[in-house]
Amino acid sequence: MMRRALVSTLLIAAPTLAQAEPARYELDPAHTTVAFLIDHVGYAATLGLFGEVAGTFTYDMETQELSDVEVTVQTGSLETMNDARDEHVRSGDFLAVNDHPEMVFTADSGTPSSDTEGEVAGELTLLGQTNPLVLDVTLNKAEEYPFGHGRFVLGLTVRGSLNRSDWGMTYGVDNGLVGDEVTLIIETEAMRMDE
């Protein structure tokens, strides 16, 4: 049950705008959501999210080059809207937050498929294990914020999936109580840092 960070982390495609060199971006914590869906006994998917996410990356609007992606999710910030379930998911059966308080997504490049879509192939470290994770990224908007901070912002939609058992999280998989595949849902606004 992870992230984005996941994600998010992350970005990768964009139209050519008046920016001639790479710029550093940071995820806006007030406008970043890292969530997941996972099957519960075949009846319905359970939704969860993480309330504490931070991330940065470098991106060149002209060349669409992405680098230095790092998104960190505080696993203890999990929320599924049920206290008993949250306590269980934070336990050693799932996230083991006492031993592994963070999960981290990193990537050094992206592969654009259009002016506004592409793929970021990176690595997710969770429960002390690091495995590949591929995220599909859509650039929704890229321009100066119309109010408040007024910084240049990239609006990003990020999706992906993973099998939690690849990270050693196997509780409920064999007996079908909890699904293995986790669907990742990440929405974020990334603010340029040179302003």
- Message: Just to check I understand the Karplus step: with θ = phi - 60° and J = 6.51 cos²θ - 1.76 cosθ + 1.60, what whole-Hz values come out for the stretch 46-53, glycine and proline as x?
- Response: 9, 9, x, 8, 10, x, 10, 9
- Item | Stretchable slack from D108 to H88, in nm (0.36 nm times residue separation minus alpha-carbon distance) | 3.8 nm
- Query: Where the centroid of each part is defined by its Cα atoms, how far is the stretch 169-195 from the stretch 93-138 in Å?
  - Reply: 9 Å
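Within the stretch 96-195, list the chymotrypsin sites (Phe, Trp or Tyr not before Pro) lying in a DSSP loop whose Cβ has at most 10 other Cβ atoms in a 10 Å radius. Each step should come with its number before you reach the end.
On the way: sites: F105, F147, F152, W167, Y171; in loops: F147, Y171.
Those satisfying the criteria are F147.
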- Task: Express the relative contact order of the chain as a whole percentage, based on alpha carbon pairs under 8 Å and six or more residues apart in sequence.
- Result: 28 percent
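Assigning unit charges at the beta carbon (Lys, Arg +1; Asp, Glu -1) and nothing else, what dipole magnitude in debye, to the nearest 20, does the chain show about its Cα centre? Walk me through the numbers on the way to the answer.
On the way: 10 positive and 33 negative charges, 71 e Å.
Dipole magnitude for the chain comes out near 340 debye.
Rounded to the nearest 500, what is the 222 nm mean residue ellipticity of the chain from helices alone, with -39500 (n - 2.57) per DSSP H run of 4+ residues and division by all residues? Intermediate values should be presented prior to the final figure.
Details: 1 runs with 8 residues, N = 195.
The helix-only estimate for the chain comes to -1000 deg cm²/dmol at 222 nm.
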- Query: Counting other Cβ atoms within 10 Å of each Cβ, which GluC sites (Glu not before Pro) in the stretch 41-124 have at most 16 and sit in a DSSP loop?
  - Reply: E52, E62, E65
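All of the numbers you see were taken from the coordinates with simple rules; none came from a lab. Everything numeric here is computed off the predicted structure, so don't read it as measured data. Methodologically, a virtual Cβ is constructed for each residue, glycine included, from the backbone with ideal geometry; neighbour enumeration extends over all protein chains shown.
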